[in-house]
Amino acid sequence: MAAGDADAALQLFERAAGFGHQADTELRTVRALMQRGAYRQALALCAHVAGEHRDEAGPAALHAWLLDAGGQREAARRVLAEAPHGSLLVQTQRALTGEPRIASPGMLDLPHRMAPVAVRSVDAPPDTGCRVVCTAALIDGGDRALAPWSMVVGAGRLWVRNGLGMAQGAVLENGLEGLGLALLRLNAPLPLPPTPGLAPRDPFAGSPGAVVAYTASASAEPAWPALGAGFLGRSTAATALLRRLGIAVNGRVDGAPVLDAQGRLCGVVRHPAGEEATWVPLSALRSRWAALLPPPAVPAPAPAMALDLAYEHALFRSLQLIVSPA
């Protein structure tokens, strides 16, 4: 997985599982599925492992963490309440109910590691001296990203990393200071599935939506983002270009992609310190970057997307923004 070949890792873990139903092997299979972006399948397998191994803390802790990441917080609490008591469960409970939502060192041990493995590459951030400052949104087929202007200006080197542990260096290309957003160009593209793609139009106020964001951290440790779901707000009193977020979130979610009910990118969060969380719809960005954010040529009716699938796609779309000191 560290080499970026989650498929090969998955095959090896599945072969090992054939020799016996050991919790440690099955948890490694869960994490290999997450490393390839298969959240729905990983969540189902983890629920099975937790049910089979009720006397072990690792399966229940990882199951609760994955449920919470996908926005199923009540279900995560129930899993923890029914799990065997132990230090790992206490750490997980504290991380899920506290602020910020960061996995403690014990939660990053194998085999239950509650984060992706950092994929090794020549353009990955160094292990020390860097930190995650906020979230960014991948666009333009994986070649560019939108990020908060305030987090980019004056920073040293920049990197972005997706929920699969893949990182790339990035540079500031230009920005929309009035909307508080910067456009980053990646040194090499990150994978971005073509569907569900971009929203053809801004969703109406009161429409279902979601944000998928990372927690800021003093290190550059890879992580899985967390999804928050709710109903998107109307325009603010200050400007028609910004809209109230309307979604309850844990902490700041500056730069997080906003998804419509079909799981499509429809905007980016603006959440400066001490201010109300708002979001910039794509319509406000297309006036400047229309070529990078084209609406579908012929918008087709699309059914609502289940939250677990929306989160699965967002593992590619939602990025950690990593900076080094200036």
Quick one: angle between helix 23-35 and the longest Cα principal axis of the chain, in degrees between 0 and 90, rounded to 10, please.
20 degrees
Taking the mean number of other Cβ atoms within 10 Å as a proxy for protection, how do you rank 211-219, 227-235, 262-270 from highest to lowest?
262-270, 211-219, 227-235
Estimated inter-spin distance, Ala304 and Asp5, nm [label 7 Å along Cα→Cβ]:
4.3 nm
Between the helical axis of 73-82 and the dominant principal axis of the chain, each derived from Cα atoms, what acute angle in degrees is found, rounded to the nearest 10?
20 degrees
Per-pair calculated FRET efficiency, R0 = 30 Å: Ala248 and Leu198 via Cβ, rounded to 0.05:
0.75
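When only Cα pairs under 8 Å and 6 or more residues apart are kept, what is the percent relative contact order across region 1-157?
Relative contact order of region 1-157: 19 percent.
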Placing each pseudo-label 7 Å from Cα in the direction of the beta carbon, Glu14 and Ser87 end up separated by a distance in nanometres of 3.6 nm
Per-residue HN-Hα couplings for region 46-51, Karplus 6.51 cos²θ - 1.76 cosθ + 1.60 at θ = phi - 60°, whole Hz, x for Gly and Pro?
5, 4, 5, 5, 5, x
Could you derive backbone 3J(HN,Hα) for region 83-89 from the dihedral phi with the Karplus parameters 6.51, -1.76 and 1.60 (θ = phi - 60°), listing whole Hz in sequence and x where the residue is Gly or Pro?
7, x, 5, x, 4, 5, 5
How much of the accessible area of region 216-326, probe 1.4 Å, is carbon plus sulfur, in whole percent?
60 percent
Among Gln22, Ala32, Ser318 - extreme Cα towards positive end, dipole of the chain, charges at beta-carbon:
Ser318
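Counting only protein chains, not ligands or nucleic acids, how are Glu177, Glu26 ordered by accessible area (probe 1.4 Å), most first?
I get Glu177, Glu26, largest accessible area first.
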Contact order relative to length of the chain, as percent, for alpha carbon pairs under 8 angstrom and 6 or more apart:
20 percent
J(HN,Hα) series, region 259-276, from Karplus relation 6.51 cos²θ - 1.76 cosθ + 1.60, nearest Hz, glycine and proline x
10, 7, 5, 8, x, 8, 5, 10, x, 9, 6, 10, 9, x, 4, x, 10, 5
Per residue accessible area in Å² of the chain, where ligands, DNA and RNA are left out and the probe is 1.4 Å:
43 Å²
Relative contact order, percent, region 212-326 [alpha-carbon distance under 8 Å, six or more residues apart]:
24 percent
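The values are calculated or read from the model by the stated rules, or taken from the named source; none is laboratory data. Predicted model, so just to flag it, every value in this text is computed and none were measured. All Cβ positions, even for glycine, are placed from backbone atoms using ideal geometry, and neighbour counts span all protein chains on display. We work out accessible area using only protein heavy atoms, side chains counted, and drop any ligands, DNA or RNA first. Shrake-Rupley method; radii C 1.70, N 1.55, O 1.52, S 1.80 Å.
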